[in-house]
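Below is one structure; the comments refer to it alone.
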Amino acid sequence: MELVLHLSTGVSTSSTNTVGRFANTRAPISAEQIKTWIRTPGATVTVRPVLDLAGHQPVDSYEIPDRIRRQVTLRDHPCVFPHCTVSTSPTTATSRCDLDHATPHGAGGLTCQCNLAPLCRGHHRLKTAGRMTYRVLTPGTYLWTGPTGQWLVDPTGTHDLHATDPPDQ
């Protein structure tokens with residue numbers, strides 16, 4: 001079991017007592033649940049370095065460093081194509097999503113969490129072929145445009161800005 005904790009200044013003042021989520025399901029977890037699991041005999045606890053999901057540390061290369069890859073996959077759990085649910089969960093045996101440079105690296109796009117988005121292989125190919133395009137409005141929020149309309153994808157899901165479904169291929 002992998003448990004990812006997201007802590008912010010609001011945690012200590014929050015009335016919800018939700019301070020974490022399961023990496024594979026994103027289900028919310030309370031501080032009490034976490035304490036109970038950690039105290040369970042035989043439990044193994046591994047502490048990983050803190051990642052600032054809003055951090056901005058671009059690199060000069062096309063290749064994506066592990067720390068940036070983890071930032072993006074923790075921020076954007078599924079493929080960010082409209083209505084897609086293919087997971088980027090770090091607990092999945094093999095990641096089924098590619099990280100796409102929204103502005104291509106060769107055209108001056110940064111290799112940074114602000115310019116990367118997870119796309120499953122099929123939707124990555126669809127975007128690369130030019131059948132759908134997207135812009136990063138803010139890290140984690142995307143505006144997709146296709147032949148039948150526009151969709152806004154954000155942490156709460158897909159919001160149709162036009163009533164027609166996006167193409168599958």
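Details
- The set of residues in segment 39-62 being modelled with pLDDT of 80 or more and surrounded by 11 or more Cβ atoms within 10 Å (Cβ to Cβ) consists of Gln57, Pro58, Val59, Tyr62.
- Segment 70-83 residues that are of a type in the set (Asp, Glu), paired with ones that are modelled with pLDDT of 85 or more and part of a strand (DSSP E or B) (beta carbon under 6 Å, 6 or more apart): Asp76/Pro118
- Per this entry, Val86 is counted among residues that are closer than 24 Å to Gly130 by Cβ and at pLDDT 70 or above.
- Segment 112-142: number of residues that are in a strand (DSSP E or B) and surrounded by fewer than 20 Cβ atoms within 10 Å (Cβ to Cβ): 6
- Condition broken by Arg96, with the remaining ones in (1) surrounded by 15 or more Cβ atoms within 10 Å (Cβ to Cβ); (2) among the basic types (Lys, Arg); (3) modelled with pLDDT under 75 satisfied: (3)
The values are calculated or read from the model by the stated rules, or taken from the named source; none is laboratory data. The shown structure was predicted, so the numbers you read here are calculated from the model rather than taken from an experiment. Note that we place each Cβ from the backbone using ideal geometry, even for glycine, and neighbour counts take in every protein chain shown.
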